Structures are given as C-alpha cells and as structure tokens.
Amino acid sequence: MKPKTLLILLVLVAVIFTSASCSPKTEPDEQPPASGEEKKTEVPPATAAPAAKESTATPEPAATAKPESSEEELLLSELSSLDQLDTYRIRNVMAWDEKNGESGSMEMLTEFVREPAAQRTLMKGTDDAEEWQMETIQIGDTTYINMDGTWMAMQSADQEMSETGEIWGPEDFLWGSKGKYLGKEKVNGLDTKHYHYEASDFNSGVQLSDIKEAEADVWVSTKYDVYVKVMMHMIGVNPDGVESTFSIESYLTDINAPITIEAPEGVAKPGLPEDIPMMDGATDITSLDTFTSFTVPASEDDVIGFYKAQMAAEGWRMEESMIPTMMNFTKGDRSAIIMIAAEGETTSVTIMLEE
C-alpha cells in the first residue's frame with residue numbers, strides 16, 4: 001500500500017463523516033424556496049425571480065426573504081452527533097487527481113451498532129492503478145482485521161468503540177460557514193434541508209493547503225439533525241505544492257434500522273487458552289493472536305511462583321532458562337514463553353504461544 005493511501009487511511013480510519021464530489025452549481029436565476037416549503041421542480045425558477053423584483057413597493061416579500069435566509073443558515077458545528085443513533089451505515093467515496101500524474105480513489109463503508117457494541121468497516125481503493133482492500137470488525141473488546149485475505153484478531157479490555165463517522169466531517173472544511181439554504185428534499189428516505197457552499201466558505205486543510213475553486217452541498221435530516229448526504233469538490237494546491245483536485249461523496253443510511261455484525265467465520269477469538277491461567281486482578285489486558293500481555297498488582301517473585309506452580313498443574317513442563325524472568329514451557333508440540341517485568345508496585349506479564 002502506498003504512503004499516500006496509508007496517510008488517507010489513517011485520516012479516514014481516523015475518517016469519515018465527510019463527503020465531496022462534484023456537485024452541480026445552483027443556476028444564477030434559481031431562487032431558494034420559502035422557509036418550510038418543498039422545492040417545486042415543476043415551477044420554473046424564472047417565475048420566482050421577477051416576483052421578488054416587482055414587490056419593491058411592498059415590504060412583505062423583502063421582509064419574508066431576509067428572515068427566511070437568516071433562519072435557514074446552517075452552522076455545521078451545531079448539528080447533533082451520531083451518538084444519538086442506535087445503528088447506521090455510512091458510505092464514503094474519495095478521489096484525488098494530481099497534476100504530476102498521481103491519482104487514486106477510496107471507498108469506505110462503515111456499519112455501526114450501539115447495543116451490543118459492534119462496528120464493521122470495509123475499505124477498498126486504488127492508488128496509481130494499484131488495488132487494495134482492508135476490512136475490520138470490532139465486537140465489544142475484540143477487533144478482527146483482514147489485510148491481503150488473512151484475518152488477524154486482537155483484544156483489549158480497555159478498547160472502546162469509536163464512531164468512525166464522527167471523526168472527520170464537512171465542518172472540518174467549512175467551520176464558521178453557514179451556507180445557502182436551497183429548500184427541502186427527500187434523501188435516503190428522509191426529509192432533509194439542502195444547503196450549498198461556495199469556495200469562499202472553505203478552509204484549507206490536510207488535502208489542499210491552498211483552495212482555488214470549491215463547492216459543497218449538505219443535506220441535513222430534519223428528524224435527526226445530522227447530515228445524511230454531503231458532496232464536495234475542491235481544486236487547489238496540496239501541501240507538497242502540487243496542483244490537485246480532491247472530492248468526496250458521503251451517504252448516511254439505515255438510521256436505527258436492524259443491522260447484524262458478526263465475527264468472521266473460523267477466526268478464533270484472541271486470548272489465553274484454558275490451560276494457561278491469568279492471574280487475578282489483571283488489568284491492561286491486550287491479546288493479538290498468540291500474544292497476550294497484562295499487568296498484575298503483584299511482585300515479580302509472586303508472578304514467577306504463580307506460573308511455575310500453575311503451569312505444572314496444567315501439564316506444562318518448564319525448560320531450563322538463563323533468565324529467571326523469562327520462563328519457557330512445553331506441552332506436547334506446543335510451547336509458551338512467559339516474560340515478566342517489575343513496574344513499581346505492579347508487574348507486567350507477556351505470554352507468547354507457539355502451536
């Protein structure tokens with residue numbers, strides 16, 4: 001995987017909810033509908049424009065238009081967060097094209113379930129014609145990762161579920177900008193309010209340090225007060241000084257709908273096998289395939305004594321070792337190495353297995 005893709009992955013898996021892709025500009029003669037009215041496609045925009053001009057003698061149209069524009073302005077940072085939702089899916093499509101010939105794209109689908117806590121993320125893309133794919137499934141304190149077709153599992157008692165969709169949003173590009181209200185529309189089966197942003201509304205970011213042209217459209221759910229669709233397109237200069245285009249499309253769907261996320265079939269959950277005990281009071285527990293580490297409130301000697309006795313009781317044979325704090329055990333074709341290190345009033349324990 002190329003460095004540029006890896007950087008975007010970190011930002012995205014440190015990513016999403018954002019979006020952008022070329023979105024059509026509002027025609028100059030097109031007027032936003034009145035507050036609370038649905039956008040009527042059958043009514044020509046030209047009809048609305050003259051009406052506003054003819055009413056110069058009457059204060060009512062002008063008074064209606066100004067409050068309407070003010071009331072319907074959207075400050076993205078004031079929207080609700082996704083932590084109010086029980087389930088959702090987010091699909092993001094990102095693309096970049098640089099004048100030096102480098103180009104790439106990435107699609108990211110995230111499914112989230114609050115109870116019981118679970119999240120699945122599937123990422124795939126191309127970087128200069130090189131294709132790649134990565135999938136992660138997090139269920140409680142266990143995460144399964146698939147790269148290059150091979151699953152790996154890891155577990156951490158301190159691991160928390162993070163909502164990927166909350167990490168990066170359109171407000172990162174448009175903070176402080178309120179946008180232009182264009183009316184109400186149905187998007188992803190939800191009633192939404194549509195807002196449009198021009199280049200002057202954008203802030204420079206990690207993708208483009210100098211923005212020349214840009215536009216964005218954001219659709220906000222009137223029921224959940226979250227953006228359910230975002231489209232952006234930017235042209236400018238990236239941090240390396242290369243002229244670039246950058247676009248993202250983002251869609252939030254299946255809000256509070258039934259979503260099932262399961263562990264990959266045939267992949268063992270990480271952790272210690274039944275015949276290798278973990279001391280009472282263990283904290284900071286982390287497992288990665290055949291590797292497990294944790295911390296216990298005991299002295300180094302107590303930990304050594306515990307494992308000498310308990311491993312023997314489980315049928316393990318202790319082999320000779322030149323280092324007292326690195327114990328080697330065998331049991332049939334299996335082996336286990338237990339490394340111990342005192343850390344003040346606690347002791348860290350690392351156990352590595354070989355089947």
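Each value in this text was obtained by applying a stated rule to the coordinates, not by laboratory testing. The shown structure was predicted, so the numbers you read here are calculated from the model rather than taken from an experiment. Reconstructed Cβ throughout: ideal geometry from the backbone, glycine too, with neighbour counts over all protein chains shown.
Fewest first, what order do Tyr195, Tyr224 take by the number of other Cβ atoms within 10 Å? Mind showing how you got there, number by number?
Details: Tyr195 27, Tyr224 19.
Listing Tyr195, Tyr224 from fewest to most nearby Cβ atoms yields Tyr224, Tyr195.
DSSP loop (so not H, G, I, E, B), at most 12 other Cβ within 10 Å: list which trypsin sites (Lys or Arg not before Pro) in region 71-124 pass both filters. Before the final figure, lay out the partial values.
Details: sites: Arg89, Arg91, Lys99, Arg114, Arg120, Lys124; in loops: Lys99, Arg114.
When the trypsin sites (Lys or Arg not before Pro) of region 71-124 are filtered for loop state and at most 12 Cβ neighbours within 10 Å, Lys99 remain.
Could you pull out every residue, at least 5 positions away or on a different chain, whose amide H is within less than 5 Å of the one on Lys229? Hs are placed 1.01 Å off N in the peptide plane, and Pro or chain starts have none.
Excluding prolines and chain starts, which carry no amide H, the hits are Trp219, Leu252.
Can you give the Rg to Rh ratio of region 207-251, both from alpha-carbon atoms, with Rh computed by the Kirkwood formula? Kindly include the intermediate steps, with their values, before the conclusion.
Values: Rg = 13.3 Å, Rh = 11.6 Å.
The Rg/Rh ratio comes out at 1.15.
Arranged by the count of other C-beta atoms within 10 angstrom, fewest first, what order do Glu215, Glu320, Glu243, Glu355 take? Intermediate values should be presented prior to the final figure.
Working: Glu215 21, Glu320 5, Glu243 15, Glu355 8.
In increasing order of surrounding Cβ atoms, one gets Glu320, Glu355, Glu243, Glu215.
Which percent of Cα-Cα pairs in region 283-354 sits in each 5 Å bin, short to long?
Whole-percent P(r) values from 0 Å outward: 3, 17, 27, 27, 19, 6, 1, 0.
Using +1 at the Cβ of each Lys and Arg and -1 at the Cβ of each Asp and Glu in region 283-354, identify which of Ala336, Val349, Thr325 lies farthest towards the dipole's positive end.
Ala336
In which sequence would Ser156, Ser177 go, from the one with the fewest C-beta neighbours within 10 Å to the one with the most? Numbers along the way, then the final one.
Numbers: Ser156 16, Ser177 21.
Going from least to most buried by this count: Ser156, Ser177.
Net charge within 15 Å of Ala263 by Cβ-Cβ distance, Lys/Arg positive one each and Asp/Glu negative one each, not counting Ala263 itself?
Numbers: positive: Arg120, Lys269; negative: Glu111, Glu135, Asp141, Glu262, Glu265, Asp289.
Net charge in that neighbourhood comes out at -4.
Pairs Lys269/Lys331; Lys186/Lys269; Lys184/Lys212; Lys99/Lys184; Lys124/Lys269; Lys124/Lys180: which are spaced more than 32 Å apart, C-alpha to C-alpha?
Details: Lys269/Lys331 21 Å; Lys186/Lys269 43 Å; Lys184/Lys212 29 Å; Lys99/Lys184 38 Å; Lys124/Lys269 25 Å; Lys124/Lys180 34 Å.
In this structure, Lys186/Lys269; Lys99/Lys184; Lys124/Lys180 lie more than 32 Å apart at Cα.
With viscosity set to 0.692 mPa s and temperature to 37 °C, compute the Stokes-Einstein D of region 90-160, Rh being the Kirkwood radius across alpha carbon pairs; µm²/s, no decimals. Write out the running numbers ahead of the final one.
Numbers: Rh = 13.7 Å.
The Stokes-Einstein estimate is 240 µm²/s.
Just to check I understand the Karplus step: with θ = phi - 60° and J = 6.51 cos²θ - 1.76 cosθ + 1.60, what whole-Hz values come out for region 110-121, glycine and proline as x?
10, 10, 10, 10, 7, 9, x, 4, 7, 8, 10, 10
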